[in-house]
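S.K.: What follows is a structure written as structure tokens; I'll ask about it next.
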Amino acid sequence: MQNQYTDWKQALRSGLLGGAITVLLSLIGIVTAFSNTYIVNKVISFGELLIVGPIAALSLVAIQKARARHPGLLILTAIISGLTSGLVILALAGLGQVINLRAMFLNASNDLYAIYAYKQALVPGLLLRLLVSGLVGALVAGFTLLPGRIKAAISQGLLYVILVGLMGRLIGTVLNTWGFVAILFKWMFVANSLSPIGAIFLFLLTGGLAYWRYGRPKTKQITDPKKQKLVRWGTLGGFGLLLIFLPNILGMWFSEILDNVGLFILMGLGLNIVVGFAGLLDLGYVAFYAIGAYTIGVLTSPELGFFNLTFWQAFPIALIMAFLAGVLLGLPILKMRGDYLAIVTLGFGEIIRILVLSDWLKPWLGGTQGIQRIQRPVVGIGEFSITLQSQQQLYYLILAGIVLVAFVAVRLRDSRLGRTWMALREDEDVAVAMGINHVATKLTAFAMGALFSGIGGTLFAAKIGSIYPSSFQFLVSINILSLIIVGGMGSIPGVFVGALALMGLPELMREFAEYRYLFYGAALVAMMLTKPEGLWPEARHRLEFHEEETPPPEESEAVPESA
Amino acid sequence: MALLEVNNIHTYYGNIHALKGVALRVEEGEIVCLIGGNGAGKTTTLRTISGALRPRDGHIVFRGEDLAKYKPHQIVEKGIAMVPEGRRIFARMTVMENLEMGAYIRKDKQKIAEDLEWVFELLPRLKERRRQVGGTLSGGEQQMLATARALMTRPRLLLMDEPSMGLAPVLVEAIFDTIVKINKEGTTILLVEQNALMALSVANRGYVLETGTIVMEDTGEALKKNPRVQKAYLGME
Ligand SMILES: Nc1ncnc2c1ncn2[C@@H]1O[C@H](COP(=O)(O)OP(=O)(O)OP(=O)(O)O)[C@@H](O)[C@H]1O
Ligand SMILES: [Mg+2]
């Protein structure tokens, strides 16, 4: 019975932890804040999910750690865990009645206790809470005992209901732009959340899909090369069409986000060359972004009135400026490595920002007031020309920029130069011993990165039409670096995924108001713990982190001993 | 004229006077070995020859040309290749990619392909593993790869820094066999070794380096019989 005893202890511990997490979330204030943010209208709120979620998760842990195999014992374990969590919550509510917790925890309010008690009278309500906690444990245990296929269906169904429910408001804004097509979906939503009918429908749909897909091979292997090609071009074409219509599908608000994410992708692709390919830690990357943007500003703004060029006349000049700045910064730092390089580039970034901010250059660069009325790009000729102004129009400009830059980045990666960067990143001394001119090689990496960042800057200037020094903070460099790390150092698709996750996700999380960065931080930590090599790592890096998954050499027959 | 002539070079690390007038000479077709204790300056000597370090005084003359005016990557083009200490391969590149990096300075695709075959013939183990990522090779295989990669530059002079370090006796023998083979096929070798016995056995001539100066020079056989060398480097009483 030793085993059973440890199981109980484990269940108790899990329960305490689950309760503690719930209490913590409550005291931070999110439970109260989201008690009226419904996932399924009037049925379950996000606040309630934050109470029940940890309890359920920790009962699951208790079951998984349990050594007993008997279903009855497992269910009991989970119930104990759930009840324990419930008791922790009750303890908080009880304590709140005796002493004034609000002196210390602002959010330990009567509202919170009322939520705990399902808005009933306190004592019966809290007893109900305890009962529900135990029940949650039992349900979780029941869930684990189901066959795999049903488990997959249920978890997928729940996941979608929760996600769609949480995104209810955003989906609403999207649906509003769809006109009559929206009628197909509108019935699923009530007051920015799923309607009960909608939730059931969604659950059955996604769950059913998971049920049907379970155990089937992921994709049918197509062997016919002709067909393969067709499929490849088909997907590519479909994806292209989707990209083209995306602003129309998603509407204004999302287009703005897409534009922002797009700019970060553009710059991420550039910094990825410097940091990912060549291994040079550049923390001043925002400088080139600023140079690109300010060159456009100075050359086109009628407010300053020096040149009054059009956007496209100024564009190549801006790129040349950014490129030259890259070379200029590259020259003195080529002998440096690692930390020193990081510090010097960081300094360079700050110098540019301070120059732009300075009174000294104010007549030319506008100082704190920045530069307004930057010329928008005009495309087309003669009568058929339009000025790109709305976020939806600028989307296409940014998209074109990304396509171009991504293409160049891929070509560079696979080129002789790309190899050379990689060698330099791996071992500079040895690379030199192979006859690589490390000065020239590093310089090209720096200048290419700067050029890409400059393109980002020009598009940024075109997009917002006025620029201020505050747009070019050190934080921008850090954000770009982070998105590369999150996506996977040196990986081109990783830049896209990283930018979407790092720049797009927080926008989607506006739902969470001031708690946005809390969830966002938690999501990032979880991401880095589960995928330390990045969300879409370059094949080489994957090897570094998952050594055991190294594919075996192709010839595996007996290897002769001597060389 | 000797292939390589090192004339009284003085190399410093900041204020540390690491080489105090090292002089040595390597003739075309020879294997010359440089032995000496830890910190004697063997690696420093090789790095000075390859251009990674600059001597503050003295000259290095290769095929009649003073190397002082060349940058490290140009010295590779002159025909001096280095197998660095401690198997420094490009860990995240495959064996093939490592070898391609070795041929970086060369343009003639045909010749490169031929040399690749030649290198694989010398070190068949690498051929089997050509798709494997460098970092996952065994220590011995990594040493072979570092050697092969240097050979891909088609050097006239190959500098090898402790190729046998940390290898099992069987592999040490294999590595030395390879060194002899490489030499027989026309590459001159300057070899730095802690394993003095093996090194002196394969070398035509040898130098003994102590705290930054050459203290002895003789044929390999003679040095092996020299009582001082035997005592200090061959572990014999
Ligand atoms: N980067 C450096 N900075 C300062 N001193 C150095 C540096 N590299 C080597 N030295 C010093 O120069 C001297 C010669 O070092 P070197 O590496 O050439 O020795 P070695 O003969 O190769 O030794 P080992 O057999 O241990 O490899 C040593 O005293 C060492 O401490
Ligand atoms: Mg050494």
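S.K.: Place +1 on the Cβ of every Lys and Arg and -1 on the Cβ of every Asp and Glu in the protein assembly as shown, take the dipole about the Cα centre, and give the residue among A:L417, A:F307, A:F254 whose Cα lies farthest towards its positive end.
M.R.: Ranked along the dipole, the leading option is A:F254.
S.K.: Averaged over A:423-432, how many beta carbons belonging to a partner chain fall within 10 Å of each residue's beta carbon?
M.R.: Averaged over the peptide's residues, the number is 6.
S.K.: Follow-up question, since we're still on this one. Share of Cα-Cα pairs in the range B:14-102 beyond 15 Å, in percent?
M.R.: Value for the range B:14-102: 67 percent of Cα pairs lie more than 15 Å apart.
S.K.: Which pairs in the list A:K65/A:K531; A:K226/A:K531; B:K181/B:K231; A:K335/A:K362 are over 27 Å apart, alpha-carbon to alpha-carbon?
M.R.: As for pairs spanning more than 27 Å Cα to Cα, those are A:K226/A:K531; B:K181/B:K231; A:K335/A:K362.
S.K.: Taking every residue in B:125-137, how many Cβ atoms of other protein chains lie within 10 Å of its Cβ, on average?
M.R.: Mean partner-chain Cβ count within 10 Å for B:125-137: 4.
S.K.: Mean residue ellipticity at 222 nm from the helices of chain A, using -39,500 (n - 2.57) per DSSP H segment of n ≥ 4 over the full residue count, to the nearest 500 deg cm²/dmol?
M.R.: That calculation yields -22500 deg cm²/dmol at 222 nm.
S.K.: Treating each Cα of the range A:368-413 as an identical point scatterer and ignoring solvent, apply the Debye formula and state log10 I(q)/I(0) at q = 0.23, 0.25 Å⁻¹.
M.R.: Debye output, listed in q order: -0.87, -0.91.
S.K.: Still on this structure: If one puts a single equal scatterer on every Cα of the protein assembly as shown and applies the Debye formula without solvent, what log₁₀ I(q)/I(0) results at q = 0.07 Å⁻¹?
M.R.: For the requested q values the scattering log ratios are -0.76.
S.K.: In nm, to one decimal, how far is the modelled label at B:K71 from the one at B:E210, with both set 7 Å along Cα→Cβ?
M.R.: 4.1 nm
S.K.: Then there's this: Order B:H59, B:H17, A:H438 by their accessible area, 1.4 angstrom probe, all chains in place, largest first.
M.R.: The ordering from most to least exposed comes out as B:H59, B:H17, A:H438.
S.K.: Out of all Cα-Cα pairs in chain B, roughly what percent, to the nearest whole number, are more than 24 Å apart?
M.R.: In whole percent, the long-distance tail amounts to 43.
S.K.: How do A:141-149, A:456-464, A:7-15 rank on mean C-beta neighbours within 10 Å, highest first?
M.R.: Top to bottom by mean Cβ count within 10 Å: A:456-464, A:7-15, A:141-149.
S.K.: For the range A:252-545, what mean projected area does the convex hull of the alpha carbons give, in nm²?
M.R.: Reported value for the Cα convex hull: 16.2 nm².
S.K.: At a 1.4 Å probe, what is the % contribution of carbon and sulfur to the accessible area of the range A:252-545?
M.R.: Heavy-atom surface of the range A:252-545 belonging to carbon and sulfur, 1.4 Å probe: 69 percent.
S.K.: Can you spot the lysines whose alpha carbon is less than 22 Å from B:K109's alpha carbon? Ignore those fewer than 8 places along the same chain.
M.R.: B:K78, B:K127
S.K.: If you don't mind, there's one more thing I want to ask. Among the complete DSSP H segments of chain B, which ones combine at least 24 Å of alpha-carbon extent along their axis with a mean Kyte-Doolittle hydropathy of 1.6 or more?
M.R.: Length and hydropathy pass: none found.
S.K.: Report the Cα-based extents of the range A:128-204 along its three principal axes, largest first, to the nearest Å.
M.R.: If we take the Cα atoms of the range A:128-204, the spans are 45, 32, 17 Å.
S.K.: If you bin every alpha carbon distance in the range A:266-380 into 10 Å steps from zero, what whole percent lands in each bin?
M.R.: 14, 40, 30, 15, 1
S.K.: Compute for chains A and B the buried accessible surface, both sides summed, probe 1.4 Å, and express it in Å² to the nearest 100.
M.R.: Chains A and B together bury approximately 3100 Å².
S.K.: Suppose each label sits 7 Å from its Cα in the direction of the beta carbon; what would the B:T219-A:Q228 distance come out to in nanometres?
M.R.: Between B:T219 and A:Q228, the simple spin-label model gives 6.2 nm.
S.K.: Quick one: the Cα spread of the range A:392-465 along its three principal axes, in angstroms, biggest first?
M.R.: Each principal axis gives a Cα extent; for the range A:392-465 these are 51, 20, 15 Å.
S.K.: I'd like the projected area of the range A:1-145, averaged over all directions, using the convex hull of its alpha carbons. Report it in nm² with one decimal.
M.R.: 8.6 nm²
S.K.: For a distance above 18 Å, tell me the whole-number percent of Cα pairs in the range A:1-82 that qualify.
M.R.: The calculated P(r) of the range A:1-82 puts 47 percent of pairs beyond 18 Å.
S.K.: Shifting gears a bit: Search the structure for amide H atoms under 5 Å from the amide H of B:E210, placed 1.01 Å from N in the peptide plane, and list their residues when 5 or more places away or on another chain.
M.R.: Amide H neighbours of B:E210: B:V215.
S.K.: Hey, any idea what % of the range A:1-145's accessible area is carbon plus sulfur with a 1.4 Å probe?
M.R.: 70 percent
S.K.: Would you work out the charge dipole size for the range A:252-545 about its Cα centre, treating the Cβ of every Lys and Arg as +1 and the Cβ of every Asp and Glu as -1, and quote it to the nearest 20 debye?
M.R.: 320 debye
S.K.: Separate question: Taking 7 Å along the Cα-to-C-beta vector as the label spot, tell me the A:L246-A:L128 distance in nanometres, rounded to one decimal.
M.R.: Using points 7 Å along Cα→Cβ, the separation is 4.6 nm.
S.K.: Right, next: Can you pull the three principal axis extents for the Cα set of the range B:119-237, in Å, largest first?
M.R.: Principal axes ranked by extent give 48, 28, 24 Å for the Cα atoms.
S.K.: Also, I was wondering about something else. I'd like to check one number: the per residue accessible area of the protein assembly as shown, probe 1.4 Å, reported in Å² as a whole number.
M.R.: I get 47 Å² per residue for this part.
S.K.: Kindly point out which whole DSSP H helices in chain A project their C-alpha atoms 30 angstrom or further along the helix axis while averaging a Kyte-Doolittle hydropathy of -0.5 or above.
M.R.: Span-like helices, by this rule, are A:2-28, A:71-98, A:122-145, A:225-271, A:311-333, A:391-413, A:438-464.
S.K.: How much length is gained on full extension from A:I200 to A:L328, taking 0.36 nm per residue of separation minus their Cα-Cα distance?
M.R.: Full extension from A:I200 to A:L328 adds 39.9 nm.
The values are calculated or read from the model by the stated rules, or taken from the named source; none is laboratory data. In this text the structure is predicted, and so the values were computed from the model without any measurement. With ideal geometry, Cβ positions are generated from the backbone for all residues, glycine too; neighbour counts draw on all protein chains shown. The area values use the complete protein model at the heavy-atom level, side chains included, leaving out ligands, DNA and RNA. Shrake-Rupley method; radii C 1.70, N 1.55, O 1.52, S 1.80 Å.
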